[in-house]
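Have a look at the structure below, then the notes.
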Amino acid sequence: MTPLLLPAIATALLVTLGYSALCATSPFGNCRKCAGLGFALKTDRHGNPKRGKTCRRCKGAGKRIRIGRHLFNAAHRTWRNGTR
């Protein structure tokens, strides 16, 4: 093994374990489109912010499921259905 490969593998493993822990403790993150507000921000004629339309991506919840948690749920569902 080359000397540069070992730190790269360790870093990749650390990032993967950290993301797995994040998905386990907090499976939902803020919606990327509305930044977790659940609606778009608009401004009135005076430049003051006001509530806009409900976000279509998160349907007003302001949350989305993380990719890692979605993959875990799909794998767990497949395993559960296969062992019935």
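Here are the numbers for the structure shown:
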read-out: The chain shape via C-alpha gyration tensor axes, a/c threshold 1.5; value: oblate
read-out: Helix-only CD estimate at 222 nm, as mean residue ellipticity for the chain, using -39500 (n - 2.57) per DSSP H run (n ≥ 4); value: -15000 deg cm²/dmol
read-out: Nearest-ten-degree value, helix 67-82 long axis tilted from longest Cα axis of the chain; value: 60
read-out: Likely footprinting exposure, 20, 26, fewest C-beta neighbours within 10 Å first; value: 26, 20
read-out: Sorted by Cβ neighbour density within 10 Å, fewest at the top, the residues 63, 53; value: 53, 63
read-out: Choice from 13, 37, 22 with maximal GNM fluctuation in the chain (Cα, 10 Å cutoff); value: 13
read-out: Using alpha-carbon coordinates, inclination of helix 5-25 to the longest axis of the chain, degrees; value: 50
read-out: At R0 = 35 Å, FRET efficiency that the Cβ-Cβ distance of residue 40 and residue 67 yields, to 0.05; value: 0.90
read-out: Cβ charges +1 (Lys, Arg) and -1 (Asp, Glu), total dipole of the chain, debye; value: 740
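Computed from the coordinates by the stated procedures, all read-outs in this text should not be read as laboratory data. It should be emphasised that the depicted structure is a prediction, and the values quoted were computed from it without experimental measurement. No Cβ is skipped: glycine too gets one built from the backbone with ideal geometry, and neighbour counts run over all protein chains shown.
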